[in-house]
Structures are given as structure tokens and as C-alpha cells.
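Read-outs: derived from the displayed coordinates by stated rules, not from any lab. None of these values were measured; they are calculated from a predicted model. Reconstructed Cβ throughout: ideal geometry from the backbone, glycine too, with neighbour counts over all protein chains shown.
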Amino acid sequence: MPSSSRAAKTSSQRLFFALWPDPVVRARLAALLPGLAAQTGQAVAADNLHLTLAFLGNVSPAQRQCMEAWAGRLGPVALTLSLDRLGYWPGPRVAWLGPSRWPEALDALAQAFAEGMRDCGLRPDHRRYTPHLTLLRKARVLPEAPAELPISWQAQGFVLCESRAGEAGVSYRVLRRWE
Ligand code: 2AM
């Protein structure tokens, strides 16, 4: 491998844009985890809870810069979400929480990121966007919906996160916020 491409590879980062719950909403979400994990699967770390807007995958520094510039051109983001639906995907074996209905602005935002990705030489996910926060991994069934639902979330702004695989599992680090 030429040294230039080796350098590009080592400096690539696994990134995604997300709505990041404020501490109050995060605490309410975290409070659901023990009861759900008692039914099936493994709870995700409360600090990791987020709603993905666009998963970029491994990106080069130039692609990251391109996406950050794109993000900076988006208007202010303020969305009210009612997290009322517990879902389960048997393929990846995840149980998640999401809104059963959501503002068009959220679809438009996900669409804008997909357009940005194409513009920056990345390939957006072709599947229909389903806003969700993963709560359990290795789940075998859809757990019973907790009585605490719905959780109302006034999401302001969004973040760029890095996903890192460590010995203690995956952790996410917020790199930058757009308020
Ligand atoms: P998930 O919560 O359903 O696992 C970081 O990995 C974030 O990007 C997670 O929220 C994850 O969704 C989402 N994501 C979307 N597509 C992904 C992919 N192909 N690989 C890994 N994560 C993906």
C-alpha cells in the first residue's frame, strides 16, 4: 500500500450524525433499560443513547470536512418527538424506541444528510429512514412496552459522533455540536 493511502486509512474515522438526548430525556430513557433488559437482551450504555440521522461509516478527513461544511449550511433544528413505539428488528436483534409519527422536518433532515453524503463521495443508506434509539442488543423478542411511555423529547440541534470499538464495547464520542 502506498504511504499516502496508508495515512488516509489510519486517519479515517467511523462517524454518524445524531440527535443527542439532553440529560433529562437521557435519564428518563436510561430508567427504562433495566426493566427491558430483564426481559431480553443487553441494555446499551445510557451514555450511548442517541437517534441516528445519518450513518457515514468510515470517512476520510476530507469527507469529514465536506460533511461538516454541509451540516453548517442546514438551518436550525428544533423537533418535538413523542417516543411512544417500542420496536424490534430480528435481523440485528435490537429492540428500540422511536416515534410512531414524526414531523416531516425529521425526514427532510435525514434526506438532507443523504444528499450531503452523495455530494461528499459517500453512499447513503438506501433503506427507508426509521427514526429510532437502540435500547437493547442481542434481544430475542420484542419486550413489553414500559408504562412510562411516551417520553416527550424537544430535540434541539444535532451532533457529529465518532463510534469507537474498545475492550468494553462500542463507545460514542461527540465531536461537534450544531445548536
Ligand atoms: P443502530 O442504533 O440501529 O445500531 C452508530 O453505529 C449508529 O449508526 C447507530 O445508531 C447505528 O444504528 C447507526 N447505523 C446505521 N447504519 C449502520 C451501519 N450500517 N453500521 C453501523 N451502524 C449503523
Could you look through segment 72-91, keep only residues that are within 16 Å of the ligand (Cβ to nearest atom) and in contact (Cβ under 8 Å) with a residue 12 or more places away in the chain, and pick out the one that is farthest from Leu149 (Cα to Cα)?
Tyr88
Condition check: out of contact with any Cys (no Cβ under 8 Å at 6 or more places or on another chain), outside any loop (DSSP other than H, G, I, E, B) and not small (Gly, Ala, Ser). Does Trp96 satisfy that?
yes
Could you tell me which residue of segment 117-170 is surrounded by the most Cβ atoms within 10 Å (Cβ to Cβ), considering only residues that are in contact with a strand residue (DSSP E or B) (Cβ under 7 Å, 6 or more places away or on another chain) and among the small types (Gly, Ala, Ser)?
Ala139
Answer residue from segment 165-179, given it is part of a strand (DSSP E or B) and charged (D, E, K, R) and is nearest to the chain's Cα centre (by Cα) among those
Arg173
Taking only segment 47-66 into account, find how many residues are in a helix (DSSP H, G or I) and either near the ligand (Cβ under 9 Å from one of its atoms) or over 13 Å from the mean Cα position of the chain (by Cα) (or both).
7
